[in-house]
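Below is one structure, written out as structure tokens, with a few remarks after it.
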Amino acid sequence: MKYLPNLLSALRMLGSVCLLFCDVTGMTFWAVYFACGISDMMDGGLARRLNVVTKSGALLDSMADLFFVVCCGWQLLPIMKLPTWLWLWTGTIAVIKGLNQVSAFAMYGKCSFPHTVANRVTGFLLFVTIPMTLTFTSIIPVTITAAVATFAAVQEGNLIRTKRIKI
């Protein structure tokens, strides 16, 4: 039972890779997408409930999140019809997140993926708003998500550079 949270994270990594081989218009893609998203919401809470929280488990969760975002992005971004300014904003967020990792590596000798409330909210919003944007062709949900993601990225960088996180 104590390995269940890490198993969920590992399965999310596997499911994320499977998304690369699914048709984004098919039910299989969306079934795997939702299974991966729900596993992301469950693994951390389950680890805390079972009292099996570890640094390696948190890192595995972060890696699974990264796999999920990259694989979903690879499949979904080409079909999303977003204005140029929103693509640029998304790129800016990615650059900030990348610089945060460079800062963490320079300061601590390793990367850091703080599991802040803002990062968790961003993950949830991404999970929910991407299908909404594709279904309703409104950019409002993604714009709200971008605003929250910007705050989360800046907060993460601040926590890393002021050494207010445990690495």
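Structure summary
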read-out: Qualifying positions in region 143-167 - open to solvent by 20 Å² or more (accessible area, probe 1.4 Å), touching a helix residue (DSSP H, G or I) at 6+ places or on another chain (Cβ under 8 Å) and assigned to a helix (DSSP H, G or I); value: 143, 144, 148, 150, 151, 154, 155, 161
read-out: Subset of region 70-85 [within 19 Å of residue 128 (Cα to Cα), in a helix (DSSP H, G or I) and either touching a Phe, Trp or Tyr at 6+ places or on another chain (Cβ under 6 Å) or open to solvent by 30 Å² or more (accessible area, probe 1.4 Å) (or both)]; value: 70, 74, 75, 77, 78, 79
read-out: The one condition in (1) part of a helix (DSSP H, G or I); (2) among the hydrophobic types (A, V, I, L, M, F, W, C); (3) closer than 25 Å to residue 155 by Cα that residue 34 fails to fulfil; value: (3)
read-out: Candidates 69, 53, filtered to the one that is within 18 Å of the chain's Cα centre (by Cα) and β-branched (Val, Ile, Thr); value: 69
read-out: Matching residues, region 1-56, being over 21 Å from residue 135 (Cβ atoms), of a type outside the set (Val, Ile, Thr) and in contact with a Gly (Cβ under 9 Å, 6 or more places away or on another chain); value: 5, 6, 9, 12, 39, 43, 44, 47
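Here's the yes/no breakdown for (1) part of a helix (DSSP H, G or I); (2) open to solvent by 60 Å² or more (accessible area, probe 1.4 Å); (3) at pLDDT below 95:
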residue	(1), (2), (3)
87	yes, yes, yes
93	yes, no, no
101	yes, no, yes
111	no, yes, yes
123	yes, no, yes
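The values are calculated or read from the model by the stated rules, or taken from the named source; none is laboratory data. Keep in mind that this is a model prediction, so the values were computed, not measured. All Cβ positions, glycine included, derive from the backbone under ideal geometry; neighbour counts span all protein chains shown. Side chains included, ligands, DNA and RNA excluded: accessible areas come from the protein's heavy atoms. Shrake-Rupley method; radii C 1.70, N 1.55, O 1.52, S 1.80 Å.
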